[in-house]
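The values are calculated or read from the model by the stated rules, or taken from the named source; none is laboratory data. A quick note: this is a predicted structure, and the numbers were derived from the prediction, not measured. Glycine gets a Cβ as well: all are built from the backbone with ideal geometry, and neighbour counts include every protein chain shown. With ligands, DNA and RNA removed, areas are computed over all heavy atoms of the protein, side chains included. Shrake-Rupley method; radii C 1.70, N 1.55, O 1.52, S 1.80 Å.
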Amino acid sequence: LCTLKPEGENARDRSCQFVLTDIDREALVEFLDDSLEGLENVGNLLVQLEKKPDDLVLVNSIFRPVHSIKGSAAFFGFSNIQKLAHELETILDMLRKQTLAVSPGITEVLLAGVDGLREMFTRVREGRPEVEDESAFLELIEHVKATVRKPLPESVAATLWANLIAKIDSLMIR
């Protein structure tokens, strides 16, 4: 993990793997600001998705910032942010591929994950560790993972298959 320690300060603190230069600090602050802004937007888009569950443009608009957060978090050494973003990205990718259907339960889990990311970014911005309650974090990760392990209800699976067949049928040359 990395905290906002100035260059030259003792880096023995276990929460910091490297000391930030001024350039690193600027990049980190920009990442934190952009991520918090993006997560605010993602939260609003998730509310819209509840009203338009078949809107793949919305799903893609939610996927992109979560994907960016995952990659940048790994770059900056925020493994817990990266882990949660990865799990959220998995759900969003399944929604994009239509192997998982949008439902109130799915959006609830995504909103909880976005809230978790927002809290972690806020803690990092304040110079605190990403995660202060490890068991609560692991519980959130497990809750998100469990969402994709649950089998689809038969009616949802039938709808997904019907949509897929309709798409294939529309592509056939007659």
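Annotation note: Cβ proximity below 9 Å between a residue of the stretch 28-39 that is of a type in the set (D, E, K, R) and a residue that is modelled with pLDDT of 95 or more and surrounded by fewer than 19 Cβ atoms within 10 Å (Cβ to Cβ) (sequence gap 6+ or interchain) occurs for Asp34/Ser68.
When you scan the stretch 84-110, how many residues do you find that are open to solvent by less than 50 Å² (accessible area, probe 1.4 Å) and touching a residue at least 40 places away in the same chain (Cβ under 8 Å)? Step through it out loud before you land on a result.
Restricting attention to the stretch 84-110, the residues satisfying the condition of being open to solvent by less than 50 Å² (accessible area, probe 1.4 Å) are 84-85, 87-95, 100-103, 105-107, 109-110.
In the following step, the residues that additionally are touching a residue at least 40 places away in the same chain (Cβ under 8 Å) were identified as 84, 87-88, 90-91, 94, 100-103, 105-107, 110.
Selection size over the stretch 84-110: 14.
Mind listing whichever residues of the stretch 67-104 are of a type in the set (Val, Ile, Thr) and closer than 13 Å to Leu49 by Cβ? Don't jump to the end; show me each part of the working.
Step one: list which residues in the stretch 67-104 are of a type in the set (Val, Ile, Thr), which gives 69, 81, 90-91, 99, 102.
Listed by number, the residues that qualify are Ile91, Val102.
Applying the condition of being under 15 Å from the mean Cα position of the chain (by Cα) and open to solvent by less than 40 Å² (accessible area, probe 1.4 Å) to the stretch 47-69 and asking which residue is farthest from Ile106 (Cα to Cα) yields Ile69.
Among the residues of this structure, Ser72 counts as one that is in contact with a Phe, Trp or Tyr (Cβ under 6 Å, 6 or more places away or on another chain), open to solvent by 10 Å² or more (accessible area, probe 1.4 Å) and either modelled with pLDDT of 90 or more or on the phi > 0 side of the Ramachandran plot (or both).
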